[in-house]
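Have a look at the structure below before the remarks.
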């Protein structure tokens, strides 16, 4: 009796260990397949030429403002996860250069705007800035929106055996997100990718569960290119925004959450900022732009997004669906949100010093994390915003 | 009895000793009363606070409109419009109840089995270690369960669920409930994680209940020639049925409020009710955890308070019912 009992207990323990082992190997095998396919980049010769060409990623803008004395030693900011990797890099380099500690909380554009409106942080960050309605609810009054970088939102997928470079059009992406295309071997996807053996697997759509500027850029692009997306969501006012009523899919928190969901789910398709896709070794595809060319997201194809764009006085505008023949169509910037009329001289000086550095020396670091620096004309406009910051009526810069 | 007056020979005046004892006693009682009172006050304050914070949304859209719709679309909300209510919460109640019921359906039979094993079948040297191990499950942090759920449970579930979709998913009428596709994050996964989290509570209670079976009834059954299983089935289980119900209800109360583990494995699909248990969804706790940091649309934050209010009410009612039920069975249990 006792020996038989002991055998049962030993068997139960063995099963427990086996299932734990099976679980972990199952997880890791999907991870390694994503790793190996990422190395087989397949974007075509045209893109190889575009993305391989030399782009000036260190423009060396000059800082004419100089360092203002009396600045605070710490600055707090919150917002976009789209720009969060760059803020981390800038904060670390700026700390080495000036000794000022900048703490940035990556909580999503929606959260950043809310914290900024409540004046609980010195600056906010939203990928699509603030609407006039949002600005009217900001406790500190008039808001300056300062673009800081250019980045790409890339369609990222997890398909074992399929290399990077799958072709997508805005309309097909819209239909996938509207739950009209539900399987990877749908005829629409097969037509765009004739040489690729797409598996018979349902598409696991991944989107953001929090308020996101990345979402705003992505849905703005879908609204422009996919009538199905607009009609499914109920009209152009409802089909784009920091958050939308997603008809289907898994919700991830932040760019980090979406990349994790894509990495763990076979058959997943989601949208993330390019740096997250590259650093997590995820496969991403190419998108057809307005001119009809298939473009790979890289720095060289992101920079032309500002060509021909008329920036309003607030500098708040979308950069999607550009008309340049070599431009990647889903490009966005990120706007630092700063109150125009500051109340504390120390904070105002610290803000001006930090963002003057970001817009000059900081721009040379953008390419390290696969973002593009601002072009000369946009940089000049952004820099001019800094000169508008005042304390008690007197300009700081 | 008169108290003698103090004399120079007695070390401590007897009168002041009695006074000190009376004041000390009273202070102690007041302090303990205060501690108990704080608990009651906090509970009341929480209810009042939730109702007050959700009042703007309740007044704007009407209290019943939240329960009349299963479409949660904050992007549809505008400051002026009141119909239709873009913050329907039925799918969150559905998600909470569904994941908890799946958890209980898995956990209660297992708990009854474990409790029967501990009280009836296991050798004496194994009883205490096994009880400790089951109770140890209760001390694993919730977020660890979520992590384990994503990286270990989901890959292990894939073949099982594919099989269920291929078989049960084809059955007419109920096939829709078991339909694919399965992406790992789902009501079903959340239900399994909840089952493991609820197991210790239900097992501990069942153990107590089975232990109250009079020994002479067990021995009488064995003396009549019944096997061990027959003895358990006839002498232990029938009298324990009500107790097991009570334990299950208490487990349900625990499962309702579970937040972080469920949020990590349920998929966060808040739009409306999804029919299949293998599809993504949301619960009341998970939508609050996900959305409260940037609920900037009109009445969004207030509507999350409505969800919290309903979650509090439902959890309180289930817990009260469970406790009363168990108290009826085992009055001496301090639960």
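Throughout, read-outs are computed from the coordinates displayed, never taken from laboratory work. As the structure is a prediction and not an experimental result, all values here were calculated from the model. Reconstructed Cβ throughout: ideal geometry from the backbone, glycine too, with neighbour counts over all protein chains shown.
First check a/c for segment B:17-93, with a ≥ b ≥ c the square roots of the eigenvalues of its C-alpha gyration tensor; if it is under 1.5, answer rounded, and if not, answer prolate when a/b is larger than b/c or oblate otherwise.
Prolate shape, in that a/c is at least 1.5 and a/b is the bigger ratio.
Quick one: helix A:84-98 against the long Cα principal axis of chain A, what's the angle to the nearest 10°, folded into 0 to 90?
Here the helix axis deviates by roughly 40 degrees.
Work the Kirkwood hydrodynamic radius out for chain A: mean of 1/r over every pair of different alpha-carbon atoms, inverted, in Å.
Kirkwood hydrodynamic radius for chain A: 22.3 Å.
Using 7 Å Cα-to-Cβ label points, what is the residue B:40/residue B:23 separation (nm, one decimal)?
About 2.8 nm separates the two model spin labels.
Between residue A:367 and residue A:183, what FRET efficiency comes out of the Förster formula 1/(1 + (r/R0)^6) with R0 = 51 Å and r the beta carbon distance, rounded to 0.05?
Given R0 = 51 Å and the Cβ-Cβ separation, E is 0.85.
Pairs of alpha-carbon atoms within less than 8 angstrom and 6+ residues apart define the contacts here; what relative contact order does chain B have, in percent?
25 percent.
Which FRET efficiency, nearest 0.05, do residue A:345 and residue A:193 yield, Cβ-Cβ r, R0 56 Å?
E(calc), rounded to 0.05, equals 0.45.
Over chain A, what is the relative contact order in percent, taking alpha-carbon pairs closer than 8 angstrom and at least six residues apart?
26
In units of 2.2 N^0.38 Å, what is the alpha-carbon radius of gyration of segment A:152-306?
Here the answer is 0.95, to two decimals.
In vacuum, with every alpha carbon of segment A:242-385 counted as one equal point scatterer, what does the Debye formula give for log10 I(q)/I(0) at q = 0.10, 0.13, 0.18 Å⁻¹? Two decimals, please.
After summing over all Cα pairs, the log10 values are -0.45, -0.75, -1.21.
Could you give the C-alpha radius of gyration of chain B expressed as a fraction of 2.2 N^0.38 Å, taking N as the number of residues it contains?
Cα Rg divided by the expected 2.2 N^0.38 Å: 1.33.
Taking the square root of 5 times each eigenvalue of the Cα gyration tensor, what semi-axes in Å does the equivalent ellipsoid of segment B:220-335 have, largest first?
Each semi-axis is the square root of five times an eigenvalue, giving 42, 18, 9 Å.
What length, rounded to one decimal in nm, is gained on full extension from residue B:227 through to residue B:138, with 0.36 nm per residue of separation minus their alpha-carbon distance?
28.7 nm
What full-extension length gain, to one decimal in nm, is calculated for residue A:317 and residue A:281 as 0.36 nm per residue of separation minus the Cα-Cα distance?
Full extension of this stretch gives 9.9 nm more.
Taking the Cα of residue B:158, stepping 7 Å toward and past its beta carbon, and measuring to each backbone N in segment A:253-273: which are under 12 Å?
Taking a point 7 Å out along Cα→Cβ of residue B:158, the residues of segment A:253-273 whose backbone N falls under 12 Å are A:264-268.
What order do you get for A:100-109, A:331-340 when each peptide is scored by the mean count of other beta carbon atoms within 10 Å, highest first?
A:331-340, A:100-109
What nm distance separates the two modelled labels at residue B:32 and residue A:136, each placed 7 Å from Cα along Cα→Cβ?
The two pseudo-label positions are separated by 6.0 nm.
Extending each Cα 7 Å along its Cβ direction at residue B:70 and residue B:82, get the distance between those two points in nm, one decimal.
Between residue B:70 and residue B:82, the simple spin-label model gives 2.7 nm.
For segment B:65-131, go through all pairs of different Cα atoms, get the mean of 1/r, take its inverse, and jot down that Kirkwood value in Å.
When all Cα pairs of segment B:65-131 are included, the Kirkwood radius is 15.6 Å.
Expressed as an acute angle from 0 to 90° and rounded to the nearest 10, what is the orientation of the C-alpha long axis of helix A:254-264 relative to the principal long axis of chain A?
Here the helix axis deviates by roughly 20 degrees.
How big is the equivalent ellipsoid of segment A:201-262 along its three axes, where each semi-axis is √(5λ) from the Cα gyration tensor, reported in whole Å from largest to smallest?
20, 14, 9
Could the peptides A:77-83, A:257-263 be put in order, highest first, of the mean number of other beta-carbon atoms found within 10 Å of their residues?
Final packing ranking: A:77-83, A:257-263.
Quick one: compute the contact order of segment A:152-306, relative version, from alpha carbon pairs under 8 angstrom and 6+ residues apart, as a percent.
38
Taking R0 as 45 Å, what's the FRET efficiency between residue A:200 and residue B:90 from their Cβ-Cβ distance, rounded to 0.05?
0.85
Is the protein assembly as shown best put as rounded, prolate or oblate by its Cα gyration tensor, with a ≥ b ≥ c the root eigenvalues, rounded for a/c under 1.5, and otherwise prolate when a/b is larger than b/c, oblate when not?
Oblate, because a/c is 1.5 or more while a/b does not exceed b/c.
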